[in-house]
Amino acid sequence: MAGAPAARGLPQVVGTGGRTGLRILLIVDHFGSGGAQRQIVELACGLKRRGHSVEMFAYFPRRDFFRPRLDAHGIRVHEYDKGPGFSPRVAAALARRIAAGDIDVAVSYLNSPNIYAELAKILVPRVSLVVSERTSYRDDRFFVSAWLRRALHGVADHVVANSQAQCEWLRRKWWLRHRVSCIYNGLDTGLFAGERAAPPPGAELRLVAVGRVGPEKNALNLIRALVLLQRESGHAPQVTWVGEREGGRVGRRYCQRIEALLADSPEVRRRWCWLGVESDVPALLRAHDALIHPSLYEGLPNVVCEALAAGMPVLVSNVCDHPLLVSEGQRGFLFDPDDPAAIAAAIRRLAALGEAQWMEFSRNARRYARENLDVERMIAAYEGLFVQLLAGREGGQRPSRGDYP
């Protein structure tokens, strides 16, 4: 697998000016409960553990779900209150922070932070900039703005995608072809319980779904699948949905459609639970039998990685990197997210697993997570990329293209 320099480990990293360790600035919009925010905070804490000087920059200062974790690691946070709409002052403030902190490498997550970081790079060109895309190109709603965002990536030194599907799509852009890598999300696999036994014979299957309640997470088709199961067999599994409801007109209308469908199906409604935001994911997974994730598109969903680490069978939509994560019939089952009948069929297949098959799925899931999704692997991959970027800057070369899943 490409990306070996990162995987080998780097006992000593020298920054510019001969310093041991690097000065790294990580950039995100806020520290709320999103998946990208979780990952960039994990990256910051891991890099700090490895002896680097780590700071963070955010511009929505009152969303601080993950802020205590940063404080516990002694990571300095710079906050700029942006206000509504796009503000070039954010890029200016970010450029001043990069210059004042003598930053070696800056890393940004998500579209808007990427734009601000790339504008700051124009003002402070000496910093090595890595921008990270955290979702799929299928999330692009406006062609012109999406094209402009990718064109601006030409300013960055490297682009990281957190899925192979998005990485390969970005490499089709001629100006990005040799500066894109895939680095999978990471998690502390030791936080999650090991192999999971099958539910007792005759017990009601307990499924959990995690994600914002919005169109792309596809709760509506999951409920339609449950309605089909209820009509066909007189029974549907319990489902707990964890996540906040999406705001805005589109989000509100989508939630209204969901509630109307549940109201028309009282037996399904009785087995459906809205849990809201939940911080103790390991405990949440322990309370359920399997994960179902019906999203229409993804980057690399944290909850699928966490479920695999917990030894849970996983039911996922057949999109993006899901087939790689689950491997049909090895760690779970795939389905067409646009087809409620296909979702229902995947649930039936899971419910029909015998105890030995269930345990095999559980062992396969746990093994895959330990080998491919551990947080130290992710941190080492970023660290190796930083070393290549700085060495290439000194030698006038770009880093070699690498994948670190």
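Since every read-out is calculated from the coordinates, none of them should be taken as a lab result. Since this is a predicted model, take the numbers as computed values, not measurements. A quick note on method: Cβ atoms are made from the backbone with ideal geometry, for glycine too, and the neighbour counts reach across all protein chains shown.
Derived scalar couplings between HN and Hα for region 46-60 equal x, 5, 5, 4, 7, x, 8, 8, 10, 10, 10, 10, 9, 10, 10 Hz in order, rounded to whole Hz, by the Karplus curve 6.51 cos²θ - 1.76 cosθ + 1.60 (θ = phi - 60°), x for Gly and Pro. Amide H to amide H distances under 5 Å link Arg245 with Val213, where only residues 5 or more positions off or on other chains count and H is placed in the peptide plane. Taking every alpha-carbon pair under 8 Å whose residues sit at least 6 apart, the chain reaches a relative contact order of 18 percent.
Here's the picture: charge each Lys and Arg Cβ at +1 and each Asp and Glu Cβ at -1 in region 170-329, and of Ile258, Gly186, Ala287 the one pushed furthest to the positive end of that dipole is Ile258. Positive contributions from Lys and Arg (+1) and negative ones from Asp and Glu (-1), summed over other residues with Cβ under 10 Å from the Cβ of Val41, come out at +2. Counting neighbouring beta carbons within 10 Å and listing from fewest to most, the residues Val213, Val159, Val326 come out as Val213, Val159, Val326.
Relative contact order for region 244-380: 19 percent, from Cα pairs under 8 Å spaced at least 6 residues apart, divided by residue count. Here the chain is scanned for chymotrypsin sites (Phe, Trp or Tyr not before Pro) in DSSP loops (not H, G, I, E, B) that have at most 12 other Cβ atoms within 10 Å, and the longest stretch holding none of them is 176-405. Over 29 Å between Cα atoms, which of Lys48/Lys82; Lys82/Lys173; Lys48/Lys121 qualify? Over 29 Å apart, Cα to Cα: Lys82/Lys173.
A straight line joining the Cα centroids of region 155-222 and region 47-118 runs 24 Å.
What net charge do the residues around Asp140 carry, taking every other residue with its C-beta under 15 Å from that of Asp140, with Lys and Arg at +1 and Asp and Glu at -1? Taking every Cβ under 15 Å from that of Asp140, the sum is +3. What you get for the chain, charging only the Cβ of Lys and Arg (+1) and of Asp and Glu (-1), is a dipole of about 940 debye around the Cα centre. Build a GNM of the chain with springs between Cα atoms under 10 Å apart, and of Asp374, Asp280, Asp321 the one that fluctuates most is Asp280. Within the listed set Val144, Val242, Val303, the Gaussian network model of the chain (springs between alpha-carbon atoms below 10 Å) gives the highest mean-square fluctuation for Val144. Label positions at Asp336 and Asp140, each projected 7 Å from the Cα along the C-beta direction, are separated by 2.6 nm.
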